[in-house]
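Notes for the one structure printed next.
The values are calculated or read from the model by the stated rules, or taken from the named source; none is laboratory data. Remember, it's a predicted structure, so these values are computed and weren't measured experimentally. Neighbour counts run over all protein chains shown; Cβ positions are idealised from the backbone, glycine included.
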Amino acid sequence: MTPFKSHRGLLATLDRANVDTDQIIPKQFLKSIARTGFGPHLFHDWRYLPDGSPNPEFPLNQPRFKGASILVVRNNFGCGSSREHAVWAIRQDGFEAVIAPWRERAGNRVPAFADIFRTNSAKNALLTVELSEPEVEKIFQMADRYPGLEATVDLDRQRVTLHLSEEISFHFEIDPSIKERLLHGLDDIGLTLMHEAEIRAFESRHDPQLFRPAPPPA
């Protein structure tokens, strides 16, 4: 997995909350057993008209967002089913990070990202950045006011910086274990191999045939 330390790129905004994984990558594209080719189908039902042509009303089809690599959305992004294909589609369409807000509702905190989506993202080098609702609203406003706005997402410093004439920065929190995994580019296998010496030592001390079926009764 490619390490994520810091990334600078064009911002694209999708002003929608509760975007579920079926909207991110519809179910008809889950038939493939390969882990490639999902990028063109990201947000397929919104992105294309029934005849297959690009929908000019869909925000990410706007020329000003062409080549964007940082996606800014609303809260509860990635809810719905647990399909890992949703993260694959986002990564394969060129996005390195997704920014979303948490919000308070009736005394409860609504997360920026669904739990399983956040976990799948960490396993596939997609950084999910959770900011407050006013901070994300500020990013939406600046992206709308300044077409071509770029930002830097610095994982090491846990900071998002908007590159304006006077830069604006936001600090974000992240689970230390996820930060460590992304900074070093460690997938589940990589995390296991960090303990390879201990695993080999354990294997050397134990008989691989330790468990044997009991002999049949005489």
**Item:** The lone exception for Glu137 - which of (1) within 26 Å of Leu30 (Cβ to Cβ); (2) exposed (fewer than 14 other Cβ atoms within 10 Å of the Cβ); (3) acidic (Asp, Glu) it fails
**Value:** (1)
**Message:** Looking only at the range 140-170, filter to residues that are within 18 Å of the chain's Cα centre (by Cα) and on the phi < 0 side of the Ramachandran plot; which one of those is surrounded by the fewest Cβ atoms within 10 Å (Cβ to Cβ)?
**Reply:** Asp156
**Message:** Criterion first (at pLDDT 95 or above, buried (at least 17 other Cβ atoms within 10 Å of the Cβ) and in a loop (DSSP other than H, G, I, E, B)) does Arg74 satisfy it?
**Reply:** yes
**Prompt:** If you go through the range 184-197 one residue at a time, do you hit one that is at pLDDT below 95, charged (D, E, K, R) and under 21 Å from the mean Cα position of the chain (by Cα)?
**Reply:** yes
**the range 1-23, residues that are under 12 Å from Pro59 (Cβ atoms) and of a type outside the set (Val, Ile, Thr)** = Leu11, Ala12, Leu14, Asp15, Arg16
**Fill in**
Every listed condition ((1) of a type in the set (Gly, Ala, Ser); (2) in a loop (DSSP other than H, G, I, E, B); (3) touching a Phe, Trp or Tyr at 6+ places or on another chain (Cβ under 6 Å)) holds for Ala100 save (2)
**Members of the range 143-161 found to be in contact (Cβ under 8 Å) with a residue 12 or more places away in the chain, outside any loop (DSSP other than H, G, I, E, B) and within 14 Å of Ile70 (Cα to Cα), listed by number** = Ala143, Glu150, Ala151, Thr152, Val153, Asp154, Arg159, Val160
**Request:** Determine whether Arg64 is farther than 22 Å from Gln23 by Cα, outside any loop (DSSP other than H, G, I, E, B), in contact with a Gly (Cβ under 8 Å, 6 or more places away or on another chain) and modelled with pLDDT of 95 or more.
**Result:** yes
**Asked** If only one of Arg8, Arg16 is at pLDDT 95 or above, more than 30 Å from Glu180 (Cβ to Cβ) and surrounded by fewer than 18 Cβ atoms within 10 Å (Cβ to Cβ), which one is it?
**Response** Arg16
**Request:** Could you tell me which residue of the range 23-47 is modelled with the highest pLDDT, considering only residues that are among the charged types (D, E, K, R), in a helix (DSSP H, G or I) and surrounded by fewer than 16 Cβ atoms within 10 Å (Cβ to Cβ)?
**Result:** Asp45
**Request:** Confirm whether Arg109 is among the basic types (Lys, Arg), modelled with pLDDT under 95 and touching a strand residue (DSSP E or B) at 6+ places or on another chain (Cβ under 9 Å).
**Result:** yes
**Request:** Count, please, the residues in the range 78-91 that happen to be touching a strand residue (DSSP E or B) at 6+ places or on another chain (Cβ under 6 Å) and closer than 25 Å to Ala34 by Cβ.
**Result:** 2
